[in-house]
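> The following block contains the structure, expressed as structure tokens.
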Amino acid sequence: MSLEFAYLSALTRVEFWVRSGDVAELTGEGVSLTFAVVSPPPTTDLVDTTWELDTIIHGETASGAIGGTDTAQLSLDVEGRITGSTGCRTFVGEFIETGGTITITNFALEGICGGDFLSQDNAIVSVLEGEVTVTVDGQHLTLMAAGGEGLRYTAS
């Protein structure tokens, strides 16, 4: 509480402010407060984990992934490689991480897909081809593409 009191007291003495890029400085008699934009924490905890697909997101709706012996999986490593499976095809590629998003490049698929797995395969491929927003919440990884399409994985 003493820190909060000191902060609020300092704010009442501010007479001038200056902004330079992502930094704002507030000054007054006996007070100088500096504020800077803080980058989101790196998503390094998402690498070197095998993630299993559990949910496909289509805007406001979600559907469960197809399970079985060929579970859709995803792995990202510290070298910037992405590997995985859609449940019927395997994929490889590279990713570039930029604070909360990853851009997937050199994305290549191998195999043939059909039957029940086809719609899941299409959903996974459409999300992974390009830039996605990354959220890691506990044991869950969510990848969201522009347009509201997304994938939710659980750490295995």
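The values are calculated or read from the model by the stated rules, or taken from the named source; none is laboratory data. Owing to the predicted nature of the structure, the values given are computational and were not obtained by experimental measurement. Because the Cβ atoms are built from the backbone with ideal geometry, glycine has one as well, and the counts that use them run over all protein chains shown. All accessible areas refer to the heavy atoms of the entire protein, side chains included, with ligands and DNA or RNA removed. Shrake-Rupley method; radii C 1.70, N 1.55, O 1.52, S 1.80 Å.
> What is the percent carbon and sulfur in the accessible area of region 28-107, measuring with a 1.4 Å probe over the protein chains and ignoring ligands?
Values: 2320 of 4410 Å².
After summing per-atom areas, the C and S share lands at 53 percent.
> Okay, next question. What number, rounded to the nearest 500 deg cm²/dmol, is the helix-based mean residue ellipticity at 222 nm of the chain, given -39500 (n - 2.57) per DSSP H run of at least four residues and division by all its residues? Could the numbers behind the result be given before it?
Details: 2 runs with 23 residues, N = 156.
Rounded to the nearest 500, the figure is -4500 deg cm²/dmol.
> Quick check on region 1-139: what does the Kirkwood estimate of hydrodynamic radius come out to from the alpha carbon pairs, in Å?
For region 1-139, inverting the mean 1/r across all distinct Cα pairs yields 18.5 Å.
> For helix 117-128, report the angle its Cα long axis makes with the longest principal axis of the Cα atoms of the chain; keep it between 0 and 90° and round to the nearest 10°.
30
> Then there's this: Tell me, in nm to one decimal, what length is gained between Thr83 and Thr71 on full extension, where the rule is 0.36 nm per residue of separation less the Cα-Cα distance? Walk me through the numbers before you get to the answer.
Numbers: separation 12, 0.36 × 12 = 4.32 nm, distance 1.35 nm.
Taking 0.36 nm per residue and subtracting the Cα distance, the gain is 3.0 nm.
> Work from the charge dipole of the chain (Cβ charges, +1 for Lys and Arg, -1 for Asp and Glu, about the Cα centre) and give the residue of Gly115, Leu141, Thr50 farthest towards its positive end.
Leu141
> So what's the angle, to the nearest 10 degrees on a 0 to 90 scale, between helix 2-12 and the longest Cα principal axis of the chain?
70
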